Each structure stands twice: as structure tokens, then as C-alpha cells.
Amino acid sequence: MKSIKYLSIALLAAMASCVNGIGTGNPQGSSDTTSTDSIAKDEPAAQKRIIDTVTISMNGDMMLGSIQPNVIMPANDGKDLLRDCAQIIRSADVACANLEGVLADHGTTRKAPGPLSYSFMMPTRFVNLLTDAGYDFMGIANNHIYDFYKEGVRSTINTLRDAGIGVAGTKDCETAIKEINGVKYGFCAFGHEDYSLKTQDTATVKRIVTQLRKEVDIVIVSFHGGAEGTECRHVPFGTEFFHNMNRGDVRQFAHLCIDCGADIVFGHGPHVPRGMELYRDHLIAYSLGNFATLGMSVTAQTGYAPLLVARLDGNGKFIDGKIHSFIQGFRTGPRRDSSNAVPKDMRALTLEDFKDNKLNIADDGTITQL
């Protein structure tokens, strides 16, 4: 579990012990940078580690059950939610997702009641469901992280950090760095709301991704962007809007991240899967849709729950991967889909939306380069 092949070039001792809190007492070796001021800019960049391959597990939105303002709780206290996918997640070298809601045990929602007003508060004990499944990083740059004001955000950050999960996506936690089996992974997340780091803030995106590139071996970018719903399955050119809100230009954003040094980029937010692109030999998944979202619609493609595992070489370039096909039922979490409907759907979207497509997606979800 979480194993990796690599040949190491000696890292500077100072880097191993003090950059961004690595080695400061967290038992799992994770650290989160809270602002640019906390980055040790005067430290020399880590020497390049020669890595054989790494595998990265990625999925979209997770809302495991809500206790506020409406009670939406899974059976067996959530212990069965991720039973079909946990082994796949744990077998990857590093696993990432988007947490669509807060981890807290009390609070008052900032949203007025209404048919389209949703707030999600997961009990803090549910962090154990994430650690047991093998997650290493969680992005919180989304439109539900502020459902319960700053107190909900702070509770979420503290709960994830205390559990050893790296968290990123707000101005209080721009990035997270974890060293796993001798390889440094850097994670950052962006959304479209003012209280998160924004995909539209080009200067900040450049700064964060460029700085991570100097500090780690593998840079992973998560983003919450694009319009929502089954009619928004395609990746358009230009800025997307939903309920008159700017949801970003996701093509431009993803390309910028790769240009600044990101190794892989994955998105979520539309609540449906979208196509994928190989850009400069790096993989971009424009939306992995919902994954374990008990309080959301899971009809048609909103129930599709892809689990993407990608294998990268030592330079972070895409080698191959697989879209594991899961579909959500009503409050059941992701369940195996023997028909492989999810990768077939993502293949069709990839072929339609990316005319210079360089990816082959087989019926079983295996991804190779053309």
C-alpha cells in the first residue's frame, strides 16, 4: 500500500527537516502552507528526485452525510459508503478528492431556506471514513466550504490536518505537501468563489503552482469549475456561467497550471463527468463529477462516479491509467458498475470535445496514449 519505485538523489538536510513544516511532528509527514509568508523562500529548491513511476487516485465531489441544517445520514454511520472503492484508492501511491462541505459538529448556516439552498455539514468523526479509505489530500475550494461561515472552514481544516490529510484551497491553506515513501507531493486547489483560491485569479494561480514546482517532485492541481448539470457535460471554450456566476474558463486554467509546472490536473463541480485531454504530455480530467454525495441528485449522469487512477513517469508525464466505473444509488455511495457506462461516456465526451485527442479509452476504462 502506497508503495513506489524510485532512485533517490540526496535531499539537503535542511529541506528534509524544515521546509513548510515537514518533520515537525505530524506522524504522517504532511504539511499545509498557510500563506506565501510561510514558504521558506531563501531555502534552495529540492534537488530533482529521479522517480520511476507514481500512481495517483483522483475523484470528484464527496459529501458523506449532513447533520446541519437537514439530517442526511448514511446507514451504518457511513462505514459502507466507500466499501467498493477503498481498495483501489489505498493501492495508489497518493489519493486526492474534493470535499463538498464542512467537517464540523455544530454551526449555523449562512444560507436562507429555499428549494435551491443547500448546506452540508459532515460530523467530524466522518474524517475516519476518509483516512480508512486511504485519502492523502482533500481540496476545499468549492461553493460549500463556506456554508457555515469561517468557523466551519476552520473546523474542516483542523479536522483534516489532525487526521493527517493534507488540505488546500483557501487563503488560509494555499497548498499542502506530503512526503510518501521518499517522494514529495504538492497539492493545491482552486474554485470560483471569493472565499476560495480562484481559478480566475491568474496571478495567484501562477504563484502557487510555480512555487510548488520548486519544492516537490510531483505537483497535483484540483479545481472546482464549470457550469452544473447534465446539459453541461461538454467542455466549452471560454468562460462558463451558472446562475449568473462566473465559473471560470477551465481550459485556460488547466493549461496555465501545466505551463507553470503542474504534473496532473483534475476537476469537479459540474456534478457530471467531462472529457479528458493530454496537454504537453500531462493529463487533464476536466470533471470527475460526483463520487459520494448523499445530499445531491444521483440520477442519470449525476450518478456517474468515476475513480481515475493515473500512472506518471519521473517527469510527471502521463504513461497510462484507468477510469474505474462506479455509479451512485440513493444514499448508497459509489457502487461498482459492471457495464462500464462511466468510461464509455467519458470516452465519447473526450472524442467530441478534443479534436486533437491523444488518448485512447477502452471499454473497460483503460487509458493509453494514441
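A short reminder: the numbers here are calculations on the coordinates, not readings from a lab. Quick caveat: nothing in here was measured; it's all calculated off a predicted structure. Glycine also receives a Cβ, built like all others from the backbone with ideal geometry; neighbour counts cover every protein chain displayed.
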Original post:
Which whole-percent values make up P(r) of region 193-271 when all C-alpha to C-alpha distances are grouped in 5 Å steps starting at zero?
Top reply: 3, 15, 27, 24, 16, 9, 4, 1
**OP:** Note down the net charge around residue 88, summing +1 for each Lys or Arg and -1 for each Asp or Glu among other residues with Cβ under 11 Å from its Cβ.
**Re:** +2
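Just order 71-78, 121-128 by mean Cβ neighbour count inside 10 Å, highest at the front, would you?
Descending packing order for the listed peptides: 121-128, 71-78.
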Subject >> Residue exposure sequence - 338, 66 - by fewest surrounding Cβ within 10 Å >> reply: 338, 66
**OP:** Take every DSSP beta bridge with both residues inside region 5-369 and express the antiparallel ones as a percent of the total, to the nearest 5.
**Re:** 60 percent
Original post:
Arranged by the count of other C-beta atoms within 10 angstrom, fewest first, what order do 277, 100 take?
Top reply: 277, 100
**OP:** Specify the residue with the greatest mean-square fluctuation among 133, 168, 97, computed from a Gaussian network of the chain linking alpha-carbon atoms under 10 Å apart.
**Re:** 133
Original post:
Taking the DSSP beta bridges in region 53-200 as the whole, what percent of them are antiparallel, to the nearest 5?
Top reply: 35 percent
**OP:** Could you give the size of the charge dipole of the chain about its Cα centre, using +1 on the Cβ of each K and R and -1 on the Cβ of each D and E, expressed in debye and rounded to the nearest 20?
**Re:** 240 debye
Original post:
Picking from 202, 224, 258, whose Cα lies most toward the positive end of the charge dipole for region 5-369 (charges on Cβ: Lys, Arg +1; Asp, Glu -1)?
Top reply: 258
Subject >> Centre separation in Å (Cα based) which lies between region 303-343 and region 242-262 >> reply: 22 Å
Subject >> Taking N as its residue count, the alpha carbon Rg of the chain over 2.2 N^0.38 Å >> reply: 0.91
**OP:** Pull up all non-local amide H partners of residue 366: gap of 5 or more, or a different chain, and H-to-H distance under 5 Å with H placed in the peptide plane.
**Re:** 323
